[in-house]
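Beneath this line is the structure, given in structure tokens, with notes to follow.
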Amino acid sequence: MKNVSGVRTLVLLLALSVAASSAKTLDIYFVDVEGGQATLIVAPSGQSLLVDTGYAGNSGRDANRIAAAAKAAGVKKIDYLLITHFHADHVGGVANLLDRLPVTTFLDHGPSMELDGKYPEPYEMAFAKGQHKVIAPGEKIALKGLDVTVVAAAGKAIEAKGEPNSYCAGLKPHAEGGDREGGENTQSAAIVVQYGKFRFFDPGDLTYNKQYGLLCPDNRVGKVDLYLTAHHGQETLNAIWALAPRVAIETNGARKGGFPEDWKIVRGSPGLEDIWQLHFALAGGKDANAPDALIANLDSESDGNYLKVSAAEDGSFTVFNQRNKYARQYGAR
Ligand SMILES: [Zn+2]
């Protein structure tokens, strides 16, 4: 070996790359279920929380995509399945999922308010095989190494004390019955996942009024790094600006959610660095969509790609696009 310092550098680089790959991260997979939700959260301990299951049908398409993300994450069972609410784009895929992955504990807000206080039958059959628990605001979901707090469920918001939210000025709740697609959406469970300094807010499909109740006049969610746009990018209100997210992710479909007026509110959030999307939203055109590199599925040729966020305890994180393998880093602040 004629270049000893070169060898030393190589050894050091190898050691650094081993350290980097074994560094514990919180990994979040935003699985493409064509405008529904299926978010796989994998704690540094390896424990898993799946938020929703996408749609039924299509030969188990959505469950196949969840199973593929789980395989990529090295997850062999779902420790907790949280069903935010009982609409088909969230609970539909549950039976297909159980054909592919075992679930230990099923969590939800309680029976559906759209089914005379009953659970959808396929879901009731599913949780009969495992443990089942109704969650309430303020409760924790016990994932080892993470702090997961339920901030809304069954129409109620967490009773935490928050900072006054100046972005509520001029906003008021919609009149009775004015909440777009009310019903089960008003009951949606919402969670905050915290790993060290990193915070992620998943509001499910909370309606305008329910988001208003959670964020106004005080922001009871606090500041977050990563924000999943509520209801696939519909019913967005300026009050979310108090969350001060660095990155927003939209679980929209090509023709579902991703409304241009909502996208522009999110884009205007002070300090927001990027919006990443599961699909190019056809309604938005180039003016109300992220740059192509940050979109997981551009057209019908590129369906089923996920976005993956890997977060470290210091608050730094990376977003990765499965379609083009593009990744962007957000340093600790
Ligand atoms: Zn939905």
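The values are calculated or read from the model by the stated rules, or taken from the named source; none is laboratory data. Because the structure is a prediction, the values reported are computed rather than measured. With ideal geometry, Cβ positions are generated from the backbone for all residues, glycine too; neighbour counts draw on all protein chains shown. These area figures cover heavy atoms from the full protein model, side chains too; ligands, DNA and RNA do not enter into them. Shrake-Rupley method; radii C 1.70, N 1.55, O 1.52, S 1.80 Å.
In table form, for the structure just shown:
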{"read-out": "All positions within the stretch 34-61 that are part of a loop (DSSP other than H, G, I, E, B) and within 16 Å of the ligand (Cβ to nearest atom)", "value": "E34, G35, G36, Q37, A38, D52, T53, G54, Y55, A56, G57"}
{"read-out": "Residues (over 8 Å from L97 (Cα atoms) and open to solvent by less than 30 Å² (accessible area, probe 1.4 Å)) located in the stretch 50-59", "value": "L50, V51, D52, G54"}
{"read-out": "Count - residues of the stretch 62-103 that are among the basic types (K, R) and either within 13 Å of the ligand (Cβ to nearest atom) or not in a helix (DSSP H, G or I) (or both)", "value": "2"}
{"read-out": "Count of residues meeting criterion [in contact with a Leu (Cβ under 9 Å, 6 or more places away or on another chain) and surrounded by fewer than 17 Cβ atoms within 10 Å (Cβ to Cβ)] in the stretch 139-161", "value": "1"}
{"read-out": "Residue satisfying all of: in the stretch 128-138; open to solvent by 60 Å² or more (accessible area, probe 1.4 Å) and part of a loop (DSSP other than H, G, I, E, B); modelled with the lowest pLDDT among these", "value": "K129"}
{"read-out": "Qualifying position, being open to solvent by less than 20 Å² (accessible area, probe 1.4 Å), among the β-branched types (V, I, T), within 15 Å of the chain's Cα centre (by Cα) and at pLDDT 95 or above, among V309, V266", "value": "V309"}
{"read-out": "Residues being open to solvent by 20 Å² or more (accessible area, probe 1.4 Å) and either charged (D, E, K, R) or in contact with a strand residue (DSSP E or B) (Cβ under 6 Å, 6 or more places away or on another chain) (or both) - total across the stretch 218-241", "value": "3"}
{"read-out": "Members of the stretch 110-127 that are closer than 19 Å to N96 by Cβ, of a type outside the set (G, A, S) and not in a loop (DSSP other than H, G, I, E, B)", "value": "E121, P122, Y123, E124, M125, F127"}
{"read-out": "Any hit, the stretch 292-301, residues being hydroxyl-bearing (S, T, Y), outside any loop (DSSP other than H, G, I, E, B), under 22 Å from R65 (Cβ atoms) and in contact (Cβ under 8 Å) with a residue 12 or more places away in the chain", "value": "yes"}
{"read-out": "Filter result for K118 (under 24 Å from V193 (Cα atoms) and open to solvent by 30 Å² or more (accessible area, probe 1.4 Å))", "value": "no"}
{"read-out": "Among the candidates Q37, Q47, residue that is touching a strand residue (DSSP E or B) at 6+ places or on another chain (Cβ under 9 Å), open to solvent by 40 Å² or more (accessible area, probe 1.4 Å), of a type in the set (S, T, N, Q) and at pLDDT 95 or above", "value": "Q47"}
{"read-out": "Selection count where residues are within 16 Å of the ligand (Cβ to nearest atom) and of a type in the set (A, V, I, L, M, F, W, C), scope the stretch 22-33", "value": "3"}
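Residue by residue, here is whether (1) within 17 Å of D202 (Cβ to Cβ); (2) aromatic (F, W, Y); (3) away from the ligand (no atom under 16 Å from the Cβ); (4) buried (at least 24 other Cβ atoms within 10 Å of the Cβ) holds:
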position	(1), (2), (3), (4)
A244	yes, no, yes, no
R255	no, no, no, no
D274	no, no, yes, no
Q277	yes, no, no, yes
F280	no, yes, yes, no
P291	no, no, yes, no
